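To start, the structure itself, in structure tokens.
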Amino acid sequence: MRIRSSFTQSIFIFLTLLIASQVYSYYAVFNYALMPSLQQFNKILGHEINLMLDDSASLEDGLEMDAPLRRRVLEQLGVTIHAKDSPMADEYYHAVTIDLMSEEMSNELGSPTDVRMMLGSDSYILWMSIESLPDSLLRIPLSELQEEDFTPLFRNSLIMALLIVAGGWLFIRLQNRPLIALEKAAKGVGRGEIPPPLPEKGASEIRSVTRAFNQMSKGIQALEEDRALLMAGISHDLRTPLTRIRLATEMMSPEDSYLAEGIISDTEECNEIISQFMDYLKPVNKDSFIPVDLNDIANDVASSEGGYEVQIETELHQPLKETIGSPIAIKRAVSNLVTNAIRYGDDWIKVSTGITADNKLVWVCIEDNGPGIEQSQIGKLFEPFTRGDTARGSEGTGLGLAIVKRIVSQHNGSVIVNNRSGGGLKVQISFPASK
């Protein structure tokens with residue numbers, strides 16, 4: 001599986017290099033420090049044993065293995081000789097063969113030698129089986145080589161490795177902290193927010209990216225302000241003549257009432273189009289968010305939009321957690337969905353609320369029994385000026401569902417659209433539940 005996170009990649013590369021460095025260090029210590037010392041030790045030990053063997057060869061035949069002269073030499077070497085069938089020799093058969101020392105000692109003694117090592121109660125012990133002493137085993141305690149001697153080495157190596165890993169983790173985290181802040185700010189811009197300028201910290205490349213992002217954010221903010229000012233001007237300039245037209249139409253003679261009704265309907269539609277444009281472009285102010293009860297909103301919308309011709313069925317979850325947001329904006333989103341269902345449904349609409357199993361999201365669901373939408377058009381349904389013409393007719397301005405998507409995104413929510421199995425459309429909008 002490919003690692004995509006920069007932080008994880010850096011840690012992985014760092015650990016790989018650390019392990020490679022440790023392996024090379026042990027390799028270097030073994031080959032350039034331990035091996036020469038071991039070879040020197042083998043030579044010294046081989047010369048001493050050769051001396052012992054030469055002395056024993058010069059003695060009279062039949063001399064006991066514990067004769068005073070040999071015993072004196074062996075005591076100086078710390079060597080004891082044991083018969084292969086003695087109880088002490090059991091250690092030899094449980095020891096581990098050291099091939100390197102066996103080969104070196106065979107060369108030094110001029111006789112095939114098997115060298116084995118084991119950990120005794122006090123220190124490591126070497127056992128030797130020399131072919132020139134067929135019935136005997138040499139036991140050499142390595143009194144200067146204790147098991148505890150290796151403990152500080154491994155402990156210090158482990159501590160050093162942990163310190164290096166912790167230092168590398170801290171360094172990479174500090175390097176990535178500006179990127180994390182940049183990612184968070186970029187997501188905020190994607191939701192329509194304008195974050196404050198980010199501090200320019202970190203490496204030169206990260207500072208350059210942060211500086212470019214701050215310039216981009218500032219440019220987007222200027223564009224948003226210009227757009228809001230432009231739309232406010234257009235709204236004012238268009239609604240003023242529309243109001244005059246309507247006023248003049250209402251003053252027309254009764255004989256022209258059929259014409260007046262059409263003009264009034266057109267002016268109302270123009271006002272509605274302007275309102276939808278303004279709602280779509282309206283920025284969000286999260287500082288004004290308050291707790292919102294979706295049950296209250298669902299009830300209000302069902303009561304205001306329902307009537308004698310269209311009955312809106314409600315199924316509200318009790319009790320329901322609140323969400324944090326703008327009640328007016330969320331109500332507008334639910335109202336747009338219900339209006340869409342009324343327009344394209346077949347006299348049956350259901351509004352329901354609920355909460356997810358993990359209690360993290362609360363949702364409102366609007367269902368109808370209309371013709372539904374082709375699967376290929378569901379992904380484009382919430383784009384501006386898209387109306388799902390082939391399945392849902394061609395009424396409206398195409399901004400109603402785009403406004404819903406924008407409001408839900410501003411509240412960190414999500415929208416799910418599906419065709420009902422029994423016919424019609426099902427739209428569910430979810431919002432984070434307040435803690």
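The values are calculated or read from the model by the stated rules, or taken from the named source; none is laboratory data. Small disclaimer: the values here were computed from a predicted structure and weren't measured. For neighbour counting, all protein chains shown are included, and Cβ atoms are generated from backbone atoms with ideal geometry for every residue, glycine included.
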Q.
Between G354, G372, which is small (G, A, S), surrounded by 11 or more Cβ atoms within 10 Å (Cβ to Cβ) and at pLDDT below 90?
A. G372
Q: Quick one: which residue in E104, E91, E108 is surrounded by 12 or more Cβ atoms within 10 Å (Cβ to Cβ), at pLDDT 85 or above, of a type in the set (D, E) and in the same structural domain as N42 (by TED's automatic domain parsing)?
A: E91
Q. List the pairs whose first member sits in region 397-409 and is over 10 Å from I429 (Cα atoms) and among the acidic types (D, E), whose second member is buried (at least 20 other Cβ atoms within 10 Å of the Cβ) and modelled with pLDDT of 70 or more, and whose Cβ atoms are under 9 Å apart, counting only residues at least 6 apart or on separate chains?
A. none
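Rundown of residues vs (1) under 17 Å from S414 (Cβ atoms); (2) among the aromatic types (F, W, Y), yes/no style:
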position: A329; (1), (2): yes, no
position: A333; (1), (2): yes, no
position: R343; (1), (2): no, no
position: W348; (1), (2): no, yes
position: L361; (1), (2): yes, no
position: G370; (1), (2): no, no
position: I373; (1), (2): no, no
position: Q377; (1), (2): no, no
position: L381; (1), (2): yes, no
**Q.** Residues (surrounded by 12 or more Cβ atoms within 10 Å (Cβ to Cβ) and either aliphatic (A, V, I, L, M) or over 30 Å from E383 (Cβ atoms) (or both)) located in region 262-277
**A.** I263, I264, I273, I274
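Name the single residue that is farthest from V79 (Cα to Cα) among those in region 111-123 being among the hydroxyl-bearing types (S, T, Y) and surrounded by fewer than 18 Cβ atoms within 10 Å (Cβ to Cβ).
Going residue by residue through region 111-123, those that are among the hydroxyl-bearing types (S, T, Y) are 111, 113, 121, 123.
Now drop any that are not surrounded by fewer than 18 Cβ atoms within 10 Å (Cβ to Cβ), which leaves 111, 121, 123.
On the way: S111: 18, S121: 17, S123: 14 Å.
It comes out as S111.
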Q) Quick check: anything in region 199-206 in a helix (DSSP H, G or I), touching a helix residue (DSSP H, G or I) at 6+ places or on another chain (Cβ under 8 Å) and over 29 Å from M278 (Cβ atoms)? A) yes
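How about region 286-307: which of its residues are closer than 13 Å to S335 by Cα and either surrounded by fewer than 12 Cβ atoms within 10 Å (Cβ to Cβ) or among the aromatic types (F, W, Y) (or both)?
Taking region 286-307 and keeping what is closer than 13 Å to S335 by Cα, we get 294, 296-306.
Passing the criteria: only S303.
Quick check: anything in region 308-328 over 25 Å from Q428 (Cα atoms) and of a type in the set (D, E, K, R)?
no
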Q: Output yes when any residue across region 324-345 is of a type in the set (V, I, T), at pLDDT below 90, over 30 Å from T243 (Cα atoms) and not in a helix (DSSP H, G or I), and no when none is.
A: no
(Q) If S235 satisfies all but one of (1) in contact with a helix residue (DSSP H, G or I) (Cβ under 6 Å, 6 or more places away or on another chain); (2) not assigned by TED's automatic domain parsing to the domain that holds C270, what's the number of the condition it fails? (A) (2)
